[in-house]
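To keep things clear, I will list the structure first and then write my remarks on it.
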Amino acid sequence: MNKKLKSLSSLLLLLCIIALIVLWQVGLLGLWKDGIAYIANNTEKYSDREGHKIQGRHSLSIDLSDLNSNRGKELYNDGTHKIVVASVEKTINDSITISFRSMGHYSLNGATLISGVRHYTVNNISFASEMSAVMTAEDDSTNYSVSGTGMSGLNYRDGDDFSFSIYPLKTSDGAGKLQITLTNLYLNAWNKK
């Protein structure tokens, strides 16, 4: 009986090893571990040539009386891709920073991500990112200065994040709404070659 159990255990271990090797060769382990980044970094099998800017203006209202209440507000949602407000924080010099989180779709057939950031390969060797989105901010009486202040690579399995700062903007009075509008969102698309 003990010999039979050892044989069965050895067979199960061998089957598990074979299954892991097959999953690794097919790419599923990399996809589960790294998501979109696995596809984007695999320049031998996937191309990013079909990426392009998205037409249109995408707006939402930011509540300045409760900055945390803005978290999760959707800037963009087409059913497959989504951009939401990750945080709104008061910073130094009477300004606020609005951070966005982009979420896309990925599979072994390719990946897509609509973001404020363009992710692309350079000479099929290295990977680069650049801010493509432009943001404006206004309330009833003022158009504010806005600058892009941050962006990430494909740090999440399903996407990235990016941020803008608005200044000078006093939030200490605890009142008001701010209308923000983003243009030049980018469809990052990685398709099989």
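The values are calculated or read from the model by the stated rules, or taken from the named source; none is laboratory data. This structure is a prediction, so every number in the text was calculated from the model and none was measured. Glycine gets a Cβ as well: all are built from the backbone with ideal geometry, and neighbour counts include every protein chain shown. Note: accessible area is taken over every heavy atom of the protein model, side chains too, but ligands, DNA and RNA are not part of it. Shrake-Rupley method; radii C 1.70, N 1.55, O 1.52, S 1.80 Å.
So, counting K/R as plus one and D/E as minus one, what does the shell of residues with Cβ under 12 Å around residue 129 add up to?
Working: positive: 118; negative: 48, 130, 160, 161.
Result for the neighbourhood of residue 129: -3.
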Say we join alpha carbon atoms closer than 10 Å with springs in a Gaussian network model of the chain; which of 96, 180, 18 then has the biggest fluctuation? 18
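For the chain, what does -39500 (n - 2.57) per DSSP helix run (n ≥ 4), summed and divided by total residues, give at 222 nm, in deg cm²/dmol to the nearest 500? If you can, show how the numbers build up before the last one.
On the way: 3 runs with 38 residues, N = 193.
Mean residue ellipticity at 222 nm (helix-derived): -6000 deg cm²/dmol.
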From the list [x] 0.99; [y] 1.37; [z] 1.03, can you say which value of Cα Rg over 2.2 N^0.38 Å was derived from the structure given? [y]
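When Lys and Arg each count +1 and Asp and Glu each count -1, what net charge do the other residues less than 11 Å away from residue 162, Cβ to Cβ, add up to? The partial results should precede the final answer.
Working: positive: 101, 118; negative: 130, 160, 161.
Charge balance near residue 162 sits at -1.
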Any chance you could look up the accessible area of residue 78 with a 1.4 Å probe, heavy atoms only, rounded to 10 Å²? 80 Å²
Per-residue SASA entry for residue 50, accessible area with 1.4 Å probe, Å² rounded to 10: 120 Å²
